[in-house]
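These notes are about the structure you will find just below.
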Amino acid sequence: MTHFMNVDDYELTLAIVLTQDALESNNNVLTADQARRYLRHGGTNQQMQRLETLLKLQPEISSSSFQKLVNAAQEALSCAANNQKLSEAGKFGLEALVRLNGRPAVATKNGNVDLEDPLLASWKERLTPFALDGTLAKRIRSVGRIDRAGKHAGTGFVVGSDLILTNRHVLQAVASPMSSNGPPDRFELDDLDISIDFSDCPDDSNGSDRFRVVEVVGTGSDPIPVVANHRLLDAALLRVEPHLSSQSLPAPIGLLKAPSESAKNRSIALVGYPGRPKQPMLGGKPDLEMIEILSKLYPQYGRRYFSPGTVMSAASGIPGTENFWTFNHDATSLPGNSGSSVIALSGDARAIGLHYAGTARHANYAHATAQLANSVDFLKTGGVVWA
């Protein structure tokens with residue numbers, strides 16, 4: 001049985017990249033109605049040409065996979081233009097358009113991103129000031145991959161001279177409570193080979209950017225279940241030991257206390273290490289060919305990616321989070337991004353959030369640092385850098 005779905009207005013605005021002359025007003029605001037009119041009057045061909053150009057830059061995509069993805073994207077744009085229902089198969093075309101256009105994920109190289117990368121075309125203007133003064137590279141290099149015996153467990157980022165912020169559920173993958181009768185926020189590491197690596201691709205690293213995790217400084221008091229519970233604090237603070245060589249830990253990003261920086265519609269970027277995604281389903285069964293196609297859009301899992309996006313709902317606007325410490329964002333993420341830094345694309349590009357969960361084709365979730373500042377005791381410890 002084939003399932004059908006609508007292309008909602010928000011996804012449509014993320015799936016296409018418009019030139020300025022495609023807009024019908026001078027306020028730079030793109031509405032879904034404008035996008036549909038644009039697609040009906042030549043825009044679909046323009047978007048398909050762009051998609052094919054970008055896909056040809058992905059050397060891992062075979063000719064058959066290329067054609068299947070192009071056909072799926074063509075269906076998605078056609079249905080969107082005419083406000084028609086989209087088949088479940090076509091949603092993969094929509095997903096590819098979103099990832100390649102409005103919400104790309106770009107692999108970092110030498111601790112930075114190339115603003116000439118075609119995937120960043122719609123973001124280049126916003127990113128350029130941070131690239132020119134070196135801020136972007138500093139923030140990217142302060143995000144590392146947390147490993148257990150060399151295996152990817154999650155992401156973390158530097159918030160002090162020897163301190164790493166990550167998720168409690170990442171901690172649960174590498175450490176255990178000290179005792180069944182002890183405090184729920186007291187952990188001991190499961191073995192001596194827990195580390196964080198700040199290289200672009202830790203699997204190919206020589207270890208010069210790797211630091212051993214030696215202590216759990218503090219964590220949220222409640223165990224984190226497999227299904228995210230937004231009422232719980234999914235955060236943990238770790239300490240690393242000095243590097244055996246003269247290599248020092250990257251500079252702390254600095255946690256922002258200003259709630260205005262995580263307000264709705266603010267531009268942000270997610271920096272972290274995505275892992276292999278869950279299997280997409282087609283008619284109740286895994287679509288193995290589409291899994292292969294979409295995996296090529298992330299040429300290598302477990303390496304560092306930079307994903308720009310937008311705050312969708314501020315920390316005070318999400319029902320069911322009585323502590324008001326969670327906000328939504330739409331930057332592209334996958335499992336493994338847990339513990340990623342959400343940085344503001346404004347001011348000094350400091351951290352406004354700690355990414356901890358996502359729901360496919362709906363939203364991603366992060367703890368707002370401004371709301372954690374006065375409510376989380378272990379983040380008040382000496383050494384955590386606030387901005």
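Values quoted throughout were computed directly from the atomic coordinates according to the rules given, and no laboratory measurement underlies them. Given the structure is predicted, the values throughout are model-derived calculations rather than measurements. Cβ sites come from the backbone with ideal geometry, for glycine too, and all protein chains shown count toward neighbours.
Things to note:
- Shape call, the stretch 44-190: gyration tensor on alpha carbons, a/c limit 1.5: prolate
- Amide hydrogen neighbours beyond the local backbone of residue 87, cut-off 5 Å, H modeled: 5
- Mean Cβ count within 10 Å, highest first, over the residues of peptides 268-275, 77-84, 90-97: 268-275, 90-97, 77-84
- Residue exposure sequence - 216, 70, 226 - by fewest surrounding Cβ within 10 Å: 226, 70, 216
- Protection proxy ranking, peptides 252-259, 150-157, average beta carbon neighbours within 10 Å, highest first: 150-157, 252-259
- The packing ranking, built from the mean of other Cβ atoms within 10 Å per residue, places the peptides 217-224, 367-374, 119-126 in the order 367-374, 217-224, 119-126, highest first.
- Listed cross-link partners 91/124; 124/151; 68/264; 151/380; 91/151 are compared with a 29 Å cut-off, the Cα-Cα value being larger for 124/151; 68/264; 151/380; 91/151.
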